[in-house]
Ligand SMILES: [Zn+2]
């Protein structure tokens, strides 16, 4: 038995220390934002987020253990997503979304991490992403949110800067606008209680941008940017 214990210790893969949970936003009857390519062709955020998360997983799983909160088109509540993070013992939680605005000219990509803010523009994005399956706002304990922010904000900010920095350079040839790294109060990040990000990869409400973000080149460049950014963050965290 003693030898078995030793064997187990020495056979543990080193990469096991870094488990990343990718969270494709929305799903099932909860479509997320809806874009229109023309009068009859609709594009759903839930489909784009699943496609992009799958590509990020493909790049990242070459070096790390990666899970998805959903791998098919199905409804998953925000609490269920957080519960999966506990189940797989995720070190990082990355939620993948696409943006939408009543201003059809709004465009660009932005990277969010969990923190308090008072920006009216950000609150609109929060409202979109905090909606639950029943379309109601989720009641989340404010004390728990504050505690989670306190415990994760430093790591989440460093992760956001690393990922966004890579996205900026990887997406340059595509010509999509950089809207920066922002603070947001997203319940899915608060509930997951670990360092994480919420990515808004581009606007489905902007017809020109919708065409760009659907393209394979954009998806590939974005996915590689996120994977490389996460690797940069984990490398720096470990030190020399
Ligand atoms: Zn979304």
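Here, each number is a calculation from the coordinates, and none is a lab measurement. Only a predicted model underlies this, so the values are computations on that prediction, with no experimental measurement involved. Please note: Cβ atoms are built from the backbone with ideal geometry, for glycine as well, and neighbour counts cover all protein chains shown.
Details
- Cα long-axis angle, helix 142-171 against the chain (0 to 90 degrees, to the nearest 10): 70 degrees
- Computed [θ] at 222 nm, deg cm²/dmol, the chain (DSSP H ≥ 4; -39,500 (n - 2.57); rounded to nearest 500): -15500 deg cm²/dmol
- Helix 120-130 vs. the chain, principal-axis angle (Cα, 0 to 90°, nearest 10): 70 degrees
- Listed peptides 142-151, 69-78 by packing density, highest first (mean Cβ within 10 Å): 69-78, 142-151
- At q = 0.07, 0.10, 0.15 Å⁻¹ the log10 of I(q)/I(0) for the chain amounts to -0.22, -0.45, -1.00, computed by Debye summation with a single uniform scatterer per C-alpha, solvent ignored.
- Taking the longest Cα principal axis of the chain as reference, the axis of helix 78-87 is set at about 20 degrees.
- Translational diffusion coefficient (Stokes-Einstein; Kirkwood radius from C-alpha pairs) of the stretch 159-240 at 37 °C, 0.692 mPa s, in µm²/s: 237 µm²/s
- Extended-chain gain in nm, criterion 0.36 nm per residue less alpha-carbon gap, residue 144 and residue 75: 22.3 nm
- Prolate/oblate/rounded call for the stretch 83-186, Cα gyration tensor, a/c under 1.5 rounded: oblate
- Normalised contact order of the chain, rounded percent, pairs of Cα under 8 Å and 6 or more residues apart: 28 percent
- Bridge type composition, the chain - antiparallel percent by DSSP, nearest 5: 30 percent
- Once both labels are positioned 7 Å from their Cα atoms along Cα-to-Cβ, the gap between residue 116 and residue 34 label points is 3.7 nm.
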